[in-house]
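*Asks:* Next up is a structure, given as structure tokens.
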Amino acid sequence: MGNSALKAHLETAQKTGVFQLTGKGLTEFPEDLQKLTSNLRTIDLSNNKIELLPPLIGKFSFLKSLVLNNNKLTALPEELCKLKKLETLHLNGNHLRQLPAAFGQLSALKTLSLSGNQLRTVPTQLCALRHLDVVDLSKNQIQNVPDTVGELQAIELNLNQNQISQISVQISHCPRLKVLRLEENCLELSMLPQSILSDSQISLLAVEGNLFEIKKLRELEGYDKYMERFTATKKKFA
């Protein structure tokens, strides 16, 4: 990609606050973007070959949306956590194994998408994010859901297509969790905490493709309580 093309993109971005350069085979984050640290609200560099996000990402203090789907990121810099206005972060289809320690400082974050990475656990840093609405951790290598999950503020948690065989009963204590997706995991029915049915806010539980038949779920104690919430929610959205 020529310099003149990049320059044109930068000029547009200066006016619109949006820098979008997808599918151009970029191997690194465009350094020239640092001229726009106070302009940019959105950066989308999806479908490139970026391996590293430079520390200068922390300077985009007005950034609201960062989209880096389908790149080659193996780690994220701590500086990313300085983005106090960031509301949307999409990192699907990378090679991330963990999140930076200070990730919980992304205090405005509402939507986090990490589908198709190499996470082995639900990152505890997520529990510090008070405005988180949607978390997508599908298609990772998560094997269990730890006790800390009880502090998660998300409304929707997607854990489809992992290797989950254990879930902490604390998940029923999530104060805002309405949608829990656990399709295509390794759950035995006995490993599904019954309190999810009988004593949680969850009104949509998706568990197809595990190690039990769905009809067995209906025999569990608390299923009727879950169905009450499910039906009430359906009516609300109908």
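The values are calculated or read from the model by the stated rules, or taken from the named source; none is laboratory data. Model, not experiment: these values are computed from the prediction. Ideal geometry is used to build each Cβ from the backbone, glycine not excepted, and the neighbour counts take in all protein chains shown. All accessible areas refer to the heavy atoms of the entire protein, side chains included, with ligands and DNA or RNA removed. Shrake-Rupley method; radii C 1.70, N 1.55, O 1.52, S 1.80 Å.
*Asks:* Between a first residue in the stretch 67-80 that is modelled with pLDDT of 95 or more and a second residue that is outside any loop (DSSP other than H, G, I, E, B) and of a type outside the set (A, V, I, L, M, F, W, C), which pairs have beta carbons less than 6 Å apart while being 6 or more apart in sequence or on different chains?
*Replies:* Filtered contacts from the stretch 67-80: VAL67/ASP44; VAL67/HIS90; ASN69/HIS90; PRO77/PRO55; GLU79/PRO55; GLU79/GLY58.
*Asks:* Also, quick follow-up: Since GLU221 meets every condition but one in (1) at pLDDT below 95; (2) among the charged types (D, E, K, R); (3) part of a helix (DSSP H, G or I), which condition does it not meet?
*Replies:* Every listed condition holds for GLU221 apart from (3).
*Asks:* Please go through the stretch 81-108 and pick out each residue that is out of contact with any Phe, Trp or Tyr (no Cβ under 9 Å at 6 or more places or on another chain) and either at pLDDT below 95 or among the hydrophobic types (A, V, I, L, M, F, W, C) (or both).
*Replies:* LEU89, LEU91, LEU96, LEU99, ALA101, ALA102, PHE103, LEU106, ALA108 - these are the residues of the stretch 81-108 that are out of contact with any Phe, Trp or Tyr (no Cβ under 9 Å at 6 or more places or on another chain) and either at pLDDT below 95 or among the hydrophobic types (A, V, I, L, M, F, W, C) (or both).
*Asks:* Still on this structure, I have one more. Run down GLU11, GLU28 and say which single residue is at pLDDT 95 or above, charged (D, E, K, R), open to solvent by 80 Å² or more (accessible area, probe 1.4 Å) and more than 25 Å from ALA108 (Cβ to Cβ).
*Replies:* Working: GLU11 fails: at pLDDT 95 or above.
Step by step, each of GLU11, GLU28 is checked, and only GLU28 is at pLDDT 95 or above, charged (D, E, K, R), open to solvent by 80 Å² or more (accessible area, probe 1.4 Å) and more than 25 Å from ALA108 (Cβ to Cβ).
*Asks:* Read through the list (1) within 12 Å of the chain's Cα centre (by Cα); (2) assigned to a loop (DSSP other than H, G, I, E, B); (3) touching a residue at least 24 places away in the same chain (Cβ under 8 Å), then give the number of the only condition that LEU132 fails.
*Replies:* Unmet condition: (3).
*Asks:* If a residue must be open to solvent by 20 Å² or more (accessible area, probe 1.4 Å), in contact with a Gly (Cβ under 6 Å, 6 or more places away or on another chain) and closer than 18 Å to GLN166 by Cβ, how many such residues does the stretch 183-212 contain?
*Replies:* Selection size over the stretch 183-212: 3.
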